[in-house]
Amino acid sequence: MKRGARILFAASALALAACQSIVPRGPAPVRPSEPVPTGPDVTQGLPTDAQRHRVALLVPMSGPNAGVGQSIANATTLALLDTKADKVRITTYDTSMGAAAAANRALAEGNRLILGPLLAEDARAVGPIAARANVPVISFSNDVSVAGNGVYIMGYNPGQSIERVVDFARGKGLSKFAALVPKGMYGERSGTSLLRAVEGAGGTVVSMQTFDRTPASMTAAVKKLQASSSYDALLIADSGRVALQLAPIVRKNGGATARLLGTELWNTDSSLGSSPALRGAWFASVSDGLYGQLATKYRARYGSAPFRLSALGYDAVLLTVRIARDWRPGTPFPAARLRDAGGFSGIDGAFRFGRSGIAERALEVSEIGAGTYTVVAAAPKAFGE
């Protein structure tokens, strides 16, 4: 199938040479340990703008996640420049002083679409406020429980990554799956996703063990796997850093020949190629091809490497600019367009929103080699391929 116009739009927006470099994303966003203080009073701060679409960007611009928020904000600026979008005006609101206050101010100032916020708890606070004003929210969170009632989730979904790599593994003849999942919400959801994916692919989950990321707990979990049953594929549902610790233990305790599988968290950890224990491991994620180009342009303009999540901000603007072609300034955002059957495309490849409001993404499968990643199953260029 030929690449659609949406793909061409994303590629031409960057107008850079092909680049496959993997750029560090920096530390993951952290959640506040203390209650978020109430923000300032809402004021009418923006002049009337009848010629441009007013869009709010809600991200943390201060506090522990300021680096991520600034990176996303910078990427939205690059997207506006690359697309030469002169009818979209994006105003940034700092969620660190209270997501609800930021949303109220954005709505009072006439914004008809909200991009962000970053954290799930902020999206939960913003969603009902925006819904009362009939303003959609396209959040950068990956917490699927937040989606719905006008909130759309753009974040990278571990469940989709697991489904993709399991389907690939089943296609290669692997049938007996095991898993090591961290305690906590991410681990619980990853474990549930594995069970569903393996069942749907016609395989069997023979064992699943949890751990708390301490060396003793990791070793104990691996030994429980060894004692419970044999397996030919093992999912390590955690970060690349944790996978580097677990893989040698697995190789020495019953998993010498098992194919190791990872999630989208492995995508930006280039150190995985330094571990002999991880050679041949597979993981599914969004493609890094166009992201490498974005990172190059970002460094040239801002003098530093972007966070990997910055691609979400860039793609949210591409989506907005495309819909803005048929959106009259000053009118409600045409939310139904977010569910276009053909979907959208951007730095992270093809994606579309279903009725659930969760972004379904076209993912590639990579194999870890000696210091390199090799794509062994390319992401579809569009849905239906």
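The values are calculated or read from the model by the stated rules, or taken from the named source; none is laboratory data. Keep in mind that what you see is a predicted model, and the values were worked out from it rather than measured. Backbone-built Cβ (ideal geometry, glycine too); neighbour counts: all protein chains shown.
For segment 324-343, the set of residues classified as buried (at least 19 other Cβ atoms within 10 Å of the Cβ) and modelled with pLDDT of 95 or more consists of F333 only. Residues of segment 298-345 that are in contact with a helix residue (DSSP H, G or I) (Cβ under 7 Å, 6 or more places away or on another chain), part of a loop (DSSP other than H, G, I, E, B) and either outside the structural domain of F140 (by TED's automatic domain parsing) or under 19 Å from L118 (Cβ atoms) (or both): A305, P306, F307, L309.
Remark: T219 falls outside the filter, which requires a residue to be β-branched (V, I, T), more than 26 Å from the chain's Cα centre (by Cα), in a loop (DSSP other than H, G, I, E, B) and on the phi < 0 side of the Ramachandran plot. Of the candidates V144, V166, the single residue that is touching a residue at least 60 places away in the same chain (Cβ under 8 Å) and buried (at least 24 other Cβ atoms within 10 Å of the Cβ) is V166.
Report yes if A382 is in a loop (DSSP other than H, G, I, E, B), touching a helix residue (DSSP H, G or I) at 6+ places or on another chain (Cβ under 9 Å), of a type in the set (A, V, I, L, M) and not assigned by TED's automatic domain parsing to the domain that holds G273, otherwise no. Answer is yes for this residue. Within segment 182-213, if we keep just the residues that are among the small types (G, A, S) and part of a helix (DSSP H, G or I), the residue that is surrounded by the most Cβ atoms within 10 Å (Cβ to Cβ) turns out to be S190. Per the conditions (1) modelled with pLDDT of 95 or more; (2) in contact with a helix residue (DSSP H, G or I) (Cβ under 9 Å, 6 or more places away or on another chain), the sole criterion not satisfied by Y186 is (1). One residue stands out in segment 358-374 among those that are touching a residue at least 12 places away in the same chain (Cβ under 8 Å) and surrounded by fewer than 16 Cβ atoms within 10 Å (Cβ to Cβ): the one that is nearest to D288 (Cα to Cα), namely T372. Being within 18 Å of R164 (Cα to Cα), outside the structural domain of F351 (by TED's automatic domain parsing) and acidic (D, E): is that true of D269 here? Against the criterion (within 18 Å of R164 (Cα to Cα), outside the structural domain of F351 (by TED's automatic domain parsing) and acidic (D, E)), D269 does not qualify. Does L246 satisfy being within 28 Å of E121 (Cβ to Cβ) and at pLDDT 95 or above? For L246, the condition - within 28 Å of E121 (Cβ to Cβ) and at pLDDT 95 or above - is not met.
Being in contact (Cβ under 8 Å) with a residue 12 or more places away in the chain and under 24 Å from W282 (Cβ atoms): is that true of R355 here?
no
With a requirement of 1 or more residues that are within 28 Å of the chain's Cα centre (by Cα) and of a type in the set (F, W, Y), the strands (runs of 3 or more DSSP E) lying completely within segment 225-285 that satisfy it span 282-285.
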